[in-house]
Structures are given as structure tokens and as C-alpha cells.
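Notes to accompany the following structure.
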Amino acid sequence: MINCQINRIADRQLVYQPLEKKLYHAWLFQKYLLSNLQTTDGKKVSIIRTGRRNELEGPDFSEAQILLDDNILTGDVEIHINNADWYHHGHHKDPIYNNVILHVILNEPGDKEIITQDKRVVPTLILKPLSFNENPAFPPCEQWNGVEFRGFEEVLNQYAEIRFRRKALAIRAALMTSEPSAYFYKMVLDVLGYSQNRESFRQLADKLPLPLLYEVLESVAEPDRIITLESLFFGVAGFLDLPYSKFLASYTEYFQGLKSRWEKMQNRFGFSPASFRWHFAGSRPANYPTRRIAALVQIILSFYPHDPAQVWINQLSPNQSFDEVINRVSNYFQQPAGLWRNHPLFIKQPGKVLIGSKRLMDLIVNLLLPFTWAIGSLQKDQALMKKAIEYYRFVPKGEMPSYVKKWIERLNVPQAAVKNNFLIQGAIELNHRFCELNLCKLCPLEVYANR
């Protein structure tokens with residue numbers, strides 16, 4: 001449950017449901033009826049050891065031990081609210097879950113068995129937490145007079161490394177069943193979606209895979225490529241038809257030009273608009289999905305006709321300095337060309353870079369470098385893996401989530417002291433692992449608190 005969050009470019013603050021927290025707490029602190037436990041297929045089960053919290057990708061707890069009828073089993077435990085989550089999260093295809101000895105759930109499971117990737121049946125236990133409140137009215141850290149900074153920095157460094165490995169292992173697992181280029185392309189769209197439109201951008205990647213886009217680009221002359229791709233993306237995304245056409249229709253000449261090209265492509269290639277839910281409320285104009293789609297077109301054309309994933313890996317040759325890599329990444333993901341500076345969508349807000357510098361830093365730490373490590377791991381290229389980790393420590397500051405800012409304030413640590421992206425990533429992961437789950441009593445900062 002905790003470690004199977006879908007990999008995202010920049011995590012928004014995760015909000016765990018009360019039932020999720022309660023079930024996790026119940027298992028961790030053994031706050032449930034300990035006698036007469038039975039699996040869903042009627043086997044007696046006793047919990048000898050709940051296991052150790054897993055900080056990386058994979059099952060929630062490792063090194064657990066149970067007595068199942070007369071057999072002692074040692075291995076991993078995975079926790080979900082519903083039985084079907086095992087399949088929704090793809091654990092049945094992931095060998096990292098092959099050592100799970102118990103699936104702990106809250107709700108009735110139905111008839112479907114839990115099967116691992118190596119075709120082993122996992123016993124399921126319905127756990128009924130006792131009524132208890134592990135959520136403190138006020139987090140203990142609110143009572144502290146700050147924290148010793150050296151210890152604070154050491155803990156953030158530790159969890160930044162955990163976060164990197166967790167993301168890198170998640171990407172490695174995804175690449176076991178996906179083509180690197182397809183995965184890379186989909187994750188680039190993920191970052192362009194931001195929190196509100198992330199899922200729609202991921203669906204757009206499925207509707208318009210990169211090989212199909214390159215096929216379309218090959219069929220048109222170079223001067224027409226930008227407007228052709230814009231017509232294709234806006235058409236499939238539904239911005240050339242009701243109800244979303246209102247966001248482009250006021251730019252009459254531009255809209256009609258897009259519509260005309262879109263109709264020709266529909267006839268020639270058989271394209272059709274898909275069903276998406278786009279969100280504009282609460283976003284700055286620079287983050288509107290229409291602007292993001294226009295930026296996406298330019299990013300794709302900056303790589304065409306090459307494979308973006310391979311282009312990125314090629315940047316990390318042994319003689320490349322970190323600053324040179326940053327400049328090259330900026331050229332692909334930030335620097336506009338052609339229509340951009342005089343784009344009709346930017347009449348009221350002139351266009352500048354494709355994506356902002358802070359967002360670019362988040363793209364580097366949450367996709368480009370973990371992706372590099374994953375490719376290096378699959379290719380057994382130790383030098384590439386080492387370079388990914390080394391560069392990860394040098395990435396300048398990206399976006400600091402508001403909840404992290406408030407948390408740092410509460411600890412009386414100056415924001416300026418969190419001086420690079422590495423420490424920000426550590427703060428995000430620490431919040432994810434402890435604060436969001438109300439696991440204050442396990443907080444590793446406790447020993448560094450000033451009282």
C-alpha cells in the first residue's frame with residue numbers, strides 16, 4: 001500500500017485515507033485481535049513478527065514471520081484496503097512481490113485468489129483494527145524548540161537517497177515490461193500535466209504514442225510540422241470540439257487553421273477525439289493544459305527523429321560535466337523555437353521557456369536521473385549508475401511543496417538552509433514516510449530535537 005504508489009515525476013502531497021492509516025497502524029503496532037486469526041481460506045494464522053518497514057519499492061514490510069497452520073513462514077507482507085488492489089497495482093506481474101507470505105486487507109476479498117508473478121498463491125488475512133487513535137492532536141515536533149541542524153541534514157540526506165533508490169527501482173521494474181522509449185515519453189507527459197491534469201496527459205501518451213507521431217511527422221514538410229502536431233494533439237485531446245473548444249475558439253484564425261488540419265488528419269489517418277477531463281480552475285495561465293500541449297509539441301520536435309530516451313542516455317558520456325548536462329537538458333525541454341514566441345495562445349502572456357527552471361530540476365531528479373540508474377542497472381553498467389547518483393546530489397533547487405515549507409518552519413529551520421534539491425527530496429520522502437501516516441513516535445528526527 002505504502003510503497004506501491006504510481007511513480008510520478010514530482011509527487012504532490014499524498015493524502016492517505018483514514019482507513020489506510022488505521023490499517024497500516026494496526027499491523028505495525030499489532031492493534032488488532034491477536035487470537036483466532038484465520039486466512040480467507042480457513043487456515044489458522046499467528047503473527048510471530050510483523051516485520052520491518054520497507055523504505056524502498058516493494059512490499060510494505062520485510063522479514064516478517066507467521067505461523068500458518070503448522071508451518072512457519074518468513075518473508076514479506078503487503079497491505080491493501082481491498083483484495084483487488086494487488087492486481088490494480090500490478091503486483092501479480094512484478095517479481096519483487098514473489099516473497100510475499102501474507103496479504104493483509106480490510107474488506108471482504110471476493111473469490112479471486114492472490115497470485116504472485118511466479119504463480120504462487122498468497123494467503124490473505126482480513127484484519128479488523130481495534131478502535132484506537134494514533135493521530136496526535138498536535139504533532140510532537142510542534143512542542144520542540146527546533147532541531148540540531150547537523151542531525152536534521154543527515155536524516156534528510158538519508159531519506160533523499162531512499163527516495164532516489166525507490167524511484168529508480170520503480171522505473172527499473174516498469175522497464176522490465178515496457179519499452180524504455182515508450183516509458184520515457186509517457187513520464188515526460190506526466191511532468192507536463194502537473195497535479196491537476198497529470199492523468200489526462202498520461203492517457204494522451206497512450207492515445208498518441210511516439211512512433212505514431214514520428215510517422216505523421218515524416219509525412220509532412222518541415223515548415224508544417226509544428227502546426228500539424230498541434231492540430232493532432234489538440235484534436236485528440238478534445239480542444240477542437242465541445243465542450244473544451246471554448247478555450248481555443250476565441251483565437252479565431254488559429255483555431256480554424258487547427259480545425260482544418262485536424263479534419264484532414266482524421267480522414268487520412270483515422271484519428272478521432274478521445275474523452276478527457278481537463279482542469280483549468282486553480283491553475284496559473286502558464287500551467288493551463290493548452291499551453292502545456294503547445295510546449296509538448298516543441299519538446300517532441302527537439303528530439304525528432306531520434307529516440308528521446310536514448311538521446312538522454314547519450315548525454316551522460318564520461319567526459320560530460322554536470323553543467324554541460326544541465327545546459328543540454330535545457331535545450332531540449334526549455335528552449336522554444338519557431339511559432340512559440342509569437343504563439344496566438346500567448347497574446348496576453350508572452351511565451352518564454354517551455355517549462356520553468358524549477359520544474360526542469362524536478363524533471364531531472366524524479367525522472368531523468370532515476371531512469372539513468374535503472375538503465376544502467378539493467379545493462380549492468382556500474383559507471384552509468386554511479387554517475388546518476390553523483391549528479392543527483394548536485395541538482396539545484398526545484399519546487400519546494402507548501403507542506404514541506406510549513407514543516408520546515410515548524411522545526412525552526414531556515415528555508416535557505418535546505419540549499420539544494422537533494423535535501424528537498426529528502427524532506428518530501430520523510431514527510432511521506434512518517435508525517436502523512438502520523439507515525440510521530442517513529443520519527444528519526446526525535447533524537448535531534450531541542451526541548
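The values are calculated or read from the model by the stated rules, or taken from the named source; none is laboratory data. Computed from a predicted structure; not experimentally measured. A quick note on method: Cβ atoms are made from the backbone with ideal geometry, for glycine too, and the neighbour counts reach across all protein chains shown.
Out of all the residues in the stretch 144-151, is one or more in contact with a strand residue (DSSP E or B) (Cβ under 9 Å, 6 or more places away or on another chain), over 22 Å from Leu23 (Cα atoms) and charged (D, E, K, R)? Yes, there is a match, as at least one residue in the stretch 144-151 is in contact with a strand residue (DSSP E or B) (Cβ under 9 Å, 6 or more places away or on another chain), over 22 Å from Leu23 (Cα atoms) and charged (D, E, K, R). Comparison of Leu232, Leu213, Leu242 shows that the only residue that is under 27 Å from Asn314 (Cβ atoms) and either in contact with a strand residue (DSSP E or B) (Cβ under 7 Å, 6 or more places away or on another chain) or not hydroxyl-bearing (Ser, Thr, Tyr) (or both) is Leu213.
One line per residue, one yes/no per condition, for (1) outside the structural domain of Leu384 (by TED's automatic domain parsing); (2) within 26 Å of the chain's Cα centre (by Cα); (3) among the β-branched types (Val, Ile, Thr):
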residue	(1), (2), (3)
Phe269	no, no, no
Thr290	no, yes, yes
Val297	no, yes, yes
Leu301	no, yes, no
Asp307	no, yes, no
Gln315	no, yes, no
Gly338	no, no, no
Phe346	no, no, no
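Would you confirm, using the coordinates I've provided, whether Phe303 is aromatic (Phe, Trp, Tyr) and over 28 Å from Gln349 (Cα atoms)? Criteria not met by Phe303. Against the list (1) under 20 Å from Ile424 (Cβ atoms); (2) small (Gly, Ala, Ser); (3) over 21 Å from the mean Cα position of the chain (by Cα), the condition Ser357 fails is (3).
Within the stretch 256-285, how many residues are closer than 26 Å to Gly356 by Cα and either out of contact with any helix residue (DSSP H, G or I) (no Cβ under 9 Å at 6 or more places or on another chain) or among the aromatic types (Phe, Trp, Tyr) (or both)? Lay out the reasoning, then the answer.
If we filter the stretch 256-285 for residues that are closer than 26 Å to Gly356 by Cα, which is where we start, we get 276-285.
Now narrow it down to the ones that are either out of contact with any helix residue (DSSP H, G or I) (no Cβ under 9 Å at 6 or more places or on another chain) or among the aromatic types (Phe, Trp, Tyr) (or both): 276, 278, 280, 284.
Going through the stretch 256-285 one residue at a time, the tally reaches 4.
Of all the numbered requirements in (1) part of a helix (DSSP H, G or I); (2) in contact with a strand residue (DSSP E or B) (Cβ under 9 Å, 6 or more places away or on another chain); (3) closer than 20 Å to Leu439 by Cα, Tyr87 misses one, and that requirement is (3). Do we find that Glu409 is in a helix (DSSP H, G or I) and free of Cβ contacts under 8 Å to residues at least 40 places away in the same chain in this structure? For Glu409, the condition - in a helix (DSSP H, G or I) and free of Cβ contacts under 8 Å to residues at least 40 places away in the same chain - is met.
Within the stretch 281-301, the residues that satisfy the criterion of being at pLDDT 90 or above and either more than 22 Å from Arg198 (Cα to Cα) or charged (D, E, K, R) (or both) are Arg291, Arg292. Sub-7 Å Cβ pairs linking a first residue in the stretch 183-201 that is surrounded by fewer than 19 Cβ atoms within 10 Å (Cβ to Cβ) to a second residue that is polar (S, T, N, Q), at least 6 apart or interchain, are Gln196/Ser283, ordered by first then second residue.
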